[in-house]
Amino acid sequence: MPAPSAVTSRSAGPFEAALAEMATPLLLLDAGGTVTFANDRAVVLFAGSMPVGRTLAALFAARGAAEPQALDEALRAGRPAREGLALDGGRRVEAALAPLSSGGFALTFDDVTEHVRSAALARLEPLTGLCNRAELHERLGAELAAAERVGAPLAVLLLDLDRFKAVNDTLGHPVGDALLRKVAERLRNAARREDVIARLGGDEFALVQVGRAGADQSRAAEALAARLVDLVGRTYVLDGQMLNVGASVGIALYPADGRGADDLLKHADLALYRAKADGRATYRFFEPAMNAAVQARRSLEIDLRRALALKQFTLAFQPQISLETGAVSGFEALLRWHHPERGPISPATFIPLAEEIGIIVGIGEWALRTACREAASWAQPVSIAVNLSPIQFRGGKLVETVMLVLAQTGLDPARLELEITEGALLDDTDGVLTVLNGLRGLGVRISMDDFGTGYSSLSYLQKFPFDKIKIDQSFVRGMAGSAECGAIVRAIARLGASLGMRITAEGVETADQLDAIRAEGCTEVQGYLTGRPMPADQAAALLI
């Protein structure tokens, strides 16, 4: 028998022949909704079946589609209608029904399968296959509307990976991408089918935990957060490498912490920030006080950005005393900020913030130039010590900056002492050592501050010949009641002597501490007993 073709209940004339060859699938229906004509494309669409003589319900049932309710209602009302329908095999069509002036209806179909797939893919994050930010907002909005209708709770959890940057930097982005896919897989395993999981970008993820009316959402969210911290923190094996990252999680609850998507995401982000500040690899719930803390921080950040331009920073100079001669051997320049309304602000408060927002480089350059200018005017050629932030080593301009400042101020490079902490060496030891060698090439001296408090202090002495090491004040203060502190100070002093380094003990506040430091063989002391931080004019007066 010949293959089925377009068939009509009437004889095929030129008009019917033209309809049969149309590129768009077409059915003609009588007033009762029975198919009277199907063109070739319609026959193919319905898998080679014979549409003529069938009702719409029977025709679509044969293709695994639900009954077209909107079309059925429009047929009965005699009006046009459009309806999207899902056929078997994953095919999607949009059907358009139009009444005919001669009676009956025309029904055409647009195949929107690829369009639907493309739209779905556009809402997925391509690396992990999770929802992207746009889809998260839409899904969260829908879940919030549903939660409000039935009086159910809901939780939003934001998750950030700890130590992920180190993986990217040391092993490369392909390994980092593979790790993100593994993390996404663990998130899927931790969540339920009805929960929403998204990757927001970088190493940040979000989960919407759908609650049930009457359920304790706080307890459920805490259980999920604890599970996420545990699962994400377990060891990964990728390309023969064993990797360890952690997860910090922030939680916001609906309706207690907000009724809209933006508020819940913002509050979960504040809770995430607190989790990271509290040591990472943990979770925190949003608390209203976090909002106040963030506003205070933002206000301080604005003031800090203005402080340099408004010349609110000053330097205080603390003497360093030679134990051999009892004379001033140098000063350490200490940064101070006196806010016109807030008053004095502790360096422990504003320096970490300046590092975080990236303006410490400008502040550090100002401090270096100001300290060198003051030192160049002193009556005696004693040293001036200036602290460097780890951030100043990034960008590759530190050596050039120091060289320019020395040229502008006329200070002898041998009098400048740059102090770094172990933190400057942790992220990029080789890069920092290259910079330190460049500074040494200028004739500048380098000292390691807070020696003994880091786990790699000794190893760094092998990699770079520091001119001075400064014993952290915690050991000095502990000497009176702790034999261990005394032993540490003694060991550092002897180590420095054997390596030809000067040893400065910080935080000396009592005569007993001074005597003990002297007995252990340190070369310099610095502390309130021998001289408090002072303005530049007082420091200059000590040298006359």
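Can you give the extra length, in nm with one decimal, that the chain gains between residue 86 and residue 289 once fully stretched, where that is 0.36 nm per residue apart less the Cα-Cα distance?
Result for the pair: 68.1 nm of gain on full extension.
Roughly how tilted is helix 288-309, in degrees to the nearest 10 and between 0 and 90, from the longest Cα axis of the chain? It is inclined by approximately 60 degrees. In the chain, Cα pairs under 8 Å separated by at least six residues give a relative contact order of 8 percent. Counting only residues at least eight positions apart within a chain, or on another chain, the aspartates and glutamates with an alpha carbon under 17 Å from that of residue 311 are 301, 303, 341, 365, 374. When all alpha carbon pairs of the chain are counted in 10 Å bins from zero, the resulting P(r) reads 3, 13, 16, 15, 14, 12, 8, 5, 5, 5, 2, 0, 0 %. For segment 200-284, the Cα-based Rg and Dmax, in that order, read 14.3, 47 Å.
Can you list the trypsin sites (Lys or Arg not before Pro) in segment 204-251 that are in a DSSP coil and have 16 or fewer other beta carbons within 10 angstrom?
212, 234
Considering helices alone, the calculated mean residue ellipticity of the chain at 222 nm is -13500 deg cm²/dmol, with DSSP H runs of length four and up weighted by -39500 (n - 2.57) and normalised per residue.
Quick check for me: using +1 on Lys/Arg Cβ and -1 on Asp/Glu Cβ, what's the dipole size of the chain about its Cα centre, in debye to the nearest 20? About 340 debye.
What is segment 297-542 by shape, rounded, prolate or oblate, if you read a ≥ b ≥ c off the alpha carbon gyration tensor as root eigenvalues and call it rounded for a/c under 1.5, prolate for a/b larger than b/c, and oblate otherwise? Since a/c stays below 1.5, the shape of segment 297-542 is classed as rounded.
In straight-distance terms, cross-link reach from residue 266 covers every one of the lysines whose alpha-carbon lies under 18 Å from its own, apart from those fewer than eight places away in the same chain; here that gives 276. Report the full-extension gain for the segment residue 400 to residue 462: residue separation times 0.36 nm, less the Cα-Cα distance, to one decimal in nm. Length difference between fully extended and current span is 19.7 nm. Against the main long axis of the alpha-carbon atoms of the chain, helix 113-122 sits at an angle near 20°. For residue 165 and residue 433, a Förster radius of 22 Å and the Cβ-Cβ distance give a FRET efficiency of 0.60, rounded to the nearest 0.05. As a proxy for reagent exposure, 485, 131 were ordered by neighbouring Cβ count within 10 angstrom, fewest first; the result is 485, 131.
With both residues required to sit in the chain, DSSP beta bridges show an antiparallel share near 70%.
What the Kirkwood sum gives for segment 48-93 is a hydrodynamic radius of 11.3 Å, with every pair of different alpha carbons counted. Against the chain, whose longest principal axis comes from its Cα atoms, helix 133-150 is set at around 70 degrees.
Just so you know, all these numbers are worked out from the coordinates, no wet-lab data involved. Treat the numbers as computed from the prediction; the structure is a model and nothing was measured. For neighbour counting, all protein chains shown are included, and Cβ atoms are generated from backbone atoms with ideal geometry for every residue, glycine included.
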